[in-house]
């Protein structure tokens, strides 16, 4: 059996963040008395987009973590990247509420983008080295 503990931990953390973001959508919908969609309520829309944005970025990130871990990449670095990504996505979700919290959105977006680009570059370098 191939063990991928970093991928497992990252996937478990991603699940928890996804559930938390979904819960935030539910609470915003309840407060706005909206059952489907955003009902034209900006707070609901913001939380829906935070949830959707996570669903758009997390799968590709997890694929990168898994692929790198399967190649034998440094697990400590991968774990640090996964932790940074997870915290960044939480910050992004909080920041999507707007107002003074917007700074968390920017920090979350920048951190998750940087970490994802770093992993993509690492994966590309390993792939190129293997192909040459």
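A few comments on the model shown:
- From the options 66, 82, residue that is closer than 24 Å to residue 124 by Cα, in a helix (DSSP H, G or I) and over 13 Å from the mean Cα position of the chain (by Cα): 66
- Pair list, Cβ < 8 Å and 6+ apart or interchain, from region 45-56 residues that are at negative phi and in contact (Cβ under 8 Å) with a residue 24 or more places away in the chain to residues that are outside any helix (DSSP H, G or I) and buried (at least 22 other Cβ atoms within 10 Å of the Cβ): 46/96; 47/96; 49/96; 50/96; 53/96
- All of 61, 15 fail the test of being free of Cβ contacts under 8 Å to residues at least 60 places away in the same chain and either over 18 Å from residue 120 (Cβ atoms) or outside any helix (DSSP H, G or I) (or both), apart from 15.
- When the test is whether a residue is out of contact with any strand residue (DSSP E or B) (no Cβ under 6 Å at 6 or more places or on another chain) and surrounded by fewer than 17 Cβ atoms within 10 Å (Cβ to Cβ), residue 117 passes it.
- The set of residues from region 88-109 being surrounded by 19 or more Cβ atoms within 10 Å (Cβ to Cβ) and either without any contact (Cβ under 8 Å) to a residue 12 or more places away in the chain or in a loop (DSSP other than H, G, I, E, B) (or both) comprises just one member, 96.
Quick note: the coordinates plus some simple rules give every number you see, no bench work behind them. Keep in mind that what you see is a predicted model, and the values were worked out from it rather than measured. Neighbour counts are summed over all protein chains in view; Cβ atoms, including those assigned to glycine, are modelled from backbone coordinates with ideal geometry.
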